[in-house]
Every structure is written in structure tokens, then in C-alpha cells.
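All remarks here apply to the structure that follows.
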Amino acid sequence: MTLPSEKGAAVGRRIGIGLMYGFWKPRVLGAWRVPASGPVILAVNHAHNIDGPMLMGTAPRPVHFLIKKEAFVGPLGSFLEGIGQVKVDRESTDRNAIGNALGILEQGGVLGIFPEGTRGDGDFASLRAGLAYFAVRSGAPIVPVAVLGSTERRGRLVKALPPLRGRVDVVFGDAFEAGDGSGRRTRKALDEATVRIQGQLTAHLENARRLTGR
């Protein structure tokens, strides 16, 4: 199996930097909390389609995101694959996506996940078990990320996007381990890890809102 390209993800990061800082005014807080090397999972709240590209352009390292297969159509699909993103079928156990995600972590890369599974209120209210599985299986730490301000107002030129030159806050939290240290990957262990993760992510989001006033 050929893993998603690390060089491609680095190119995607440069594109993200150009677009996000060119059209909006990201304020990035706590980026130093992302480990400088080694595997890490960025768990991001998801309220707007711009949240993924915003993180790609503001994270201190190139990110491979798990992205729904429905986005991989036509030229956009080729582009996403070219910049090292991971296509995932959310309706089944996608073994290819799982292998790619674990392979990225095994090689010391950064995996980006929207743990809510789909765009919603962005409040981490309902988590899918995938995040716990990847964290426990790989042993990679999780860094919670809150993207705030992407849905506050609509742009005048493009209604589906935040106002141009508007401020979007990206707040990175402290890295934490999802497992209990036993290395167990039973259903019970993953359920317990999911509860731990949800508590950490929710607390980070509350702190980020207090910090930014949003």
C-alpha cells in the first residue's frame, strides 16, 4: 500500500498558508503545543467547510486529514490526493483508510480528524469511535484544536464563506494520551478512551472560547 504523500501534505500546507492568510486573518494560539516531531493526532471541531483548510494553513506541521470520499470528485479529488489527504468511506469499515491513517502515524506524521464525523455545531457533542481507535492502536498523543469564528457571520461576496479578512481563531490545546496505559484495544477500552477524549476535547473548547471571547 502506498501511503499518502508527506511531500504532498507539505505542499498542501504551503497552499493553505497562502489561501488562509491571504483571504482571512487567522489568529493562532498555542501552536507550540503540537509536538515538533513524531506521530500526533489533531482532533478538530467541525462547524464549517473552511475548518480543514484553515488548520492545514495554521498548523506548524503538514497534516493528513481523513476526508469523506464524497469530496474526492473530479479535479478536487486529484488535488486532495496530490496533497496527501486520506479518502474515507464513512458508511463502512474502510480498511484502506484505516491502513493509510495508521501508516501515517507509524511514519511519525500528523493525522487530522474531525471526531464528530461530519460538519455540525462544532461542539464535540457526539464523537465517533475512530479517533479512540487510532489513538489507542498507534499510541500517538492527541492535540485538541478549536477553530472559532468560521460560522459567526456570512461573507458578502460568497455567502458560504466567512467574511473576507475576518478573524478566525485557531486554538491548540495540550497533548494527551487517550489510552489507559495498558495497551488494551477491547471494545470496553475503546469506549473508555472515547469518554476520556470527549472530556478533554469539550474542556479545551470551553477554555478556547473563554480565551478568545467567542
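Computed from the coordinates by the stated procedures, all read-outs in this text should not be read as laboratory data. Just so it is clear, the structure is predicted and the values come from calculations on it, not from any experiment. Positions of Cβ are backbone-derived with ideal geometry, glycine not excepted, and every protein chain shown enters the neighbour counts.
A few comments on the model shown:
- Share antiparallel - DSSP beta bridges, the stretch 6-212, percent rounded to 5: 20
- The relative contact order of the chain comes to 28 percent, based on Cα pairs under 8 Å that sit 6 or more residues apart.
- Measuring r between the beta carbons of Leu164 and Arg14 and using R0 = 25 Å, the FRET efficiency lands at 0.75.
- At least 15 Å along the helix axis (C-alpha) and Kyte average at least -1.0, DSSP helices within the chain: 6-23, 95-106, 187-212
- Kirkwood Rh and Cα Rg combined as Rg over Rh, evaluated for the stretch 62-102: 0.95
- Rounded to the nearest 20 debye, the dipole magnitude of the stretch 6-212 is 560 debye, with +1 charges on Lys and Arg beta carbons, -1 on Asp and Glu beta carbons, and the Cα centre as origin.
- Rounded to the nearest angstrom and listed largest first, the equivalent-ellipsoid semi-axes of the chain from its Cα gyration tensor are 25, 21, 16.
- Between the listed residues His204, Phe134, Asn100, the Cα displaced farthest toward the positive end of the dipole of the stretch 6-212, a dipole computed from Cβ unit charges relative to the Cα centre, is found at His204.
- Cβ crowding within 10 Å, taken as a proxy for footprinting-reagent exposure, orders Val44, Val28 from fewest neighbours to most as Val28, Val44.
- Of the residues Gly149, Gly30, Val110, the one whose Cα sits farthest toward the positive end of the charge dipole of the chain, with +1 on the Cβ of Lys and Arg and -1 on the Cβ of Asp and Glu, is Gly149.
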